[in-house]
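The values are calculated or read from the model by the stated rules, or taken from the named source; none is laboratory data. Just so it is clear, the model here is predicted, and its values are computed rather than measured. Here the Cβ positions follow ideal geometry from the backbone for every residue, glycine too, while neighbour counts run over all protein chains shown. To get the accessible areas, we keep the full protein, side chains included, count just its heavy atoms, and leave off ligands, DNA and RNA. Shrake-Rupley method; radii C 1.70, N 1.55, O 1.52, S 1.80 Å.
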Amino acid sequence: MSKIDKTNTTLKEHLLQLHPQLEELRKKKDERLKKFEKVKEEIHGILVEIAGSVDIDDGVMFSSAAEEDLSLRKLDDYISHLHTLEREKGDHSKIVDKYVSEVHSLTSVMALDCGRILSEVHPMVTKTTKSNSISDNTLESLKLTIESLNLEKRKRLRKVNSFILIEVWN
């Protein structure tokens, strides 16, 4: 900021001299607010994807903009949190893909309809495309489906083994 000669100017002249600097500060504040809002929206979006619901409580993390600390440190904290959530989202996506592949493998071995089974888990989970659902509920449902399919596979193997034993005895 430039120094203002306080002895030769009136208060009104001081204000006129400060006005461009104030406008510049207002612009910077508005830009920073926009950055905060963008990062918050991205965080909220990922939280919704992971939670599987729009009804999540992220209000604790996001106070109102008027009361909020708009420092660069706070913005960096939000960005760091966003990067952590992006990694978590990527991890969820990889796990969903792995589970879908495992369901596909199990259903093909047992001649079951993979598409039907996956759509029962979640309508957005399919065997041919990347899943749009990476929520904790979807992960848990896929895990339970895999456990159920493995149980069915073991039952069928026991049945086949018992038939083989009967044939061997005969």
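Below is a table of values for the structure above.
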{"read-out": "Segment Leu72-Val48, extension gain: residue separation times 0.36 nm, minus the distance between their alpha carbons", "value": "6.1 nm"}
{"read-out": "Whole-percent carbon and sulfur share, accessible surface of the chain, 1.4 Å", "value": "56"}
{"read-out": "Nearest-20 debye value, the chain charge dipole, Cβ charges on Lys, Arg, Asp, Glu", "value": "520"}
{"read-out": "Cβ-based charge dipole, the chain, positive-most Cα from Tyr78, His122, Val54", "value": "His122"}
{"read-out": "Shape metrics for the chain, restricted to C-alpha atoms - Rg then Dmax, Å", "value": "29.4, 118"}
{"read-out": "MRE, 222 nm, helices only [DSSP H, n ≥ 4, -39500 (n - 2.57), over the chain, to nearest 500]", "value": "-25500 deg cm²/dmol"}
{"read-out": "Relative packing of peptides 155-161, 43-49 - highest average C-beta neighbours within 10 Å first", "value": "43-49, 155-161"}
{"read-out": "Nonlocal amide H pairs with Gly52, under 5 Å, H built at 1.01 Å", "value": "Asp136"}
{"read-out": "On Cα atoms only, tilt of 72-109 relative to the major axis of the chain in degrees", "value": "10"}
{"read-out": "Å² of accessible area per residue within the chain, as computed with a 1.4 Å probe and no ligands counted", "value": "72"}
{"read-out": "With Cα atoms, 0 to 90° folded angle of helix 11-51 axis to the chain main axis", "value": "10"}
